[in-house]
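J.: A single structure is presented below for examination.
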Amino acid sequence: MFEVMFLGTSASAPSIQRGLSAQVVIHKEYRFLVDCGEGTQRQILRSGIGFRRLDKILLTHSHLDHILGLGGLISTFARWETAEQIEVWGGKSTLDRVYDLIYGVVLRGARPSVNIELYEVKPGVLMEDDEFVLSAFPVEHRGPDCFGYTFERKSHRPFMNDLAESLGVPRGPERRQLVNGQSVHLEDGRTILPDDVLGDPIPGDKLCITGDIGRTAGLSQYIAGADALISEATYLNYEVDLARRFGHITAREAAELAFSSDVKNLMLTHISRRYREHEIAAEANETFPGAVVVRDFDHFRIRSGCQLERVEE
């Protein structure tokens with residue numbers, strides 16, 4: 001299961017109701033801040049999720065409406081000492097700009113009280129543990145080194161306790177070996193295979209975030225079958241030429257991408273002040289019924305094969 005809390009859902013500039021791009025993805029002990037527009041730290045406080053364990057920041061690209069909040073956030077982390085290390089992930093051009101912001105503007109030569117690590121993003125797996133994978137995929141926007149991100153829980157085979165009991169498998173390391181795919185030899189001479197006690201594979205949850213994109217071609221290979229897709233919907237289709245000029249897509253194109261990629265749930269963000277929310281929703285729902293135009297502080301749970309579950313605070 002993943003959770004996502006939207007902190008900022010506006011495009012380019014904030015509005016009265018919407019802050020600039022930022023969302024937090026939560027999975028077990030992990031908390032990832034994806035993009036950090038101006039005012040993000042205030043949104044974190046208003047959301048109630050707090051700063052603790054928010055030590056991994058993933059940036060989709062280098063535009064200021066997605067990174068400018070890092071200055072204040074890093075300053076707060078350094079002052080409050082809420083983390084021993086902050087990881088900032090992004091493409092090379094993004095990290096170059098972040099470095100100038102942090103070390104040239106915020107710190108101005110001072111030594112930070114928190115360890116700041118900058119990690120260059122390349123397409124592919126960024127981090128992985130026994131059950132979770134974070135990966136990046138390339139997208140086209142204005143400028144180089146733009147990325148989307150996939151959060152995926154690996155498929156797993158559940159351990160069937162009733163079968164283990166009936167076969168006389170003792171509780172303890174033997175069962176752990178079977179879960180890890182290793183055979184177990186019992187004292188009576190029998191050999192128990194993993195297939196004897198493991199159920200059918202259960203697919204893991206998959207959440208994809210595109211960031212800002214100027215075209216959808218080629219993205220299906222990365223987001224196919226996702227339980228939820230978070231996509232920009234900056235323009236309506238009658239202004240598709242304007243969308244192309246500024247490197248964005250329309251609500252209809254986001255819906256078409258989700259539909260053709262067999263995505264289960266579609267969440268639309270990066271909303272322009274030039275439109276009303278119901279116009280974005282109506283256009284997307286013509287192609288992808290159930291598409292949601294998210295708002296600041298919307299909080300959802302995402303489970304494999306399920307509809308979005310809204311979390312009421």
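The values are calculated or read from the model by the stated rules, or taken from the named source; none is laboratory data. What you are looking at is a predicted structure, and each value in this text was computed from that prediction instead of being measured. Positions of Cβ are backbone-derived with ideal geometry, glycine not excepted, and every protein chain shown enters the neighbour counts.
J.: Looking at this structure, is Thr9 of a type outside the set (A, V, I, L, M), in contact with a Lys or Arg (Cβ under 6 Å, 6 or more places away or on another chain), surrounded by 21 or more Cβ atoms within 10 Å (Cβ to Cβ) and touching a residue at least 24 places away in the same chain (Cβ under 8 Å)?
T.: Criteria met by Thr9.
J.: Which of the residues that make up segment 209-233 are surrounded by fewer than 22 Cβ atoms within 10 Å (Cβ to Cβ) and not polar (S, T, N, Q)?
T.: Gly214, Arg215, Ala217, Gly218, Tyr222, Ala224, Gly225
J.: Considering every residue within segment 37-50, establish whether at least one is in the same structural domain as Gly148 (by TED's automatic domain parsing) and in a strand (DSSP E or B).
T.: No, there is no match, as no residue in segment 37-50 is in the same structural domain as Gly148 (by TED's automatic domain parsing) and in a strand (DSSP E or B).
J.: Same structure again: Return only the number of the condition from (1) modelled with pLDDT of 95 or more; (2) among the charged types (D, E, K, R); (3) over 28 Å from Arg303 (Cβ atoms) that Asp35 does not satisfy.
T.: Result: Asp35 fails condition (3) only.
J.: So, in segment 266-292, how many residues would count as being closer than 18 Å to Val4 by Cα and not in a strand (DSSP E or B)?
T.: 3
J.: Can you tell me which residues in segment 62-91 are in contact with a Pro (Cβ under 8 Å, 6 or more places away or on another chain) and either in a helix (DSSP H, G or I) or at pLDDT below 95 (or both)?
T.: Answer for segment 62-91, where residues must be in contact with a Pro (Cβ under 8 Å, 6 or more places away or on another chain) and either in a helix (DSSP H, G or I) or at pLDDT below 95 (or both): Ile74, Ala78.
J.: Kindly list the number of the only condition in (1) exposed (fewer than 14 other Cβ atoms within 10 Å of the Cβ); (2) assigned to a helix (DSSP H, G or I) that fails for Gly305.
T.: All conditions pass for Gly305, except number (2).
J.: I'm trying to understand the selection: among the residues of segment 49-63, which are surrounded by fewer than 16 Cβ atoms within 10 Å (Cβ to Cβ) and in contact (Cβ under 8 Å) with a residue 12 or more places away in the chain?
T.: Arg52, Arg53
J.: Mind checking which residues of segment 233-262 are more than 16 Å from Val293 (Cα to Cα) and outside any helix (DSSP H, G or I)?
T.: The answer is Phe246, Gly247, His248, Ser261, Asp262.
J.: Moving on. Can we say Lys122 is in contact (Cβ under 8 Å) with a residue 40 or more places away in the chain, assigned by TED's automatic domain parsing to the domain that holds Gly69 and not aromatic (Phe, Trp, Tyr)?
T.: The answer is no for Lys122.
J.: Still on this structure: Filter segment 190-221 for residues that are of a type in the set (D, E, K, R), under 21 Å from the mean Cα position of the chain (by Cα) and part of a loop (DSSP other than H, G, I, E, B); which is farthest from Leu266 (Cα to Cα)?
T.: Arg215
J.: Also: Given the conditions (1) more than 17 Å from Lys206 (Cα to Cα); (2) exposed (fewer than 12 other Cβ atoms within 10 Å of the Cβ), and given that Asp130 satisfies all but one, which numbered condition is not satisfied?
T.: (1)
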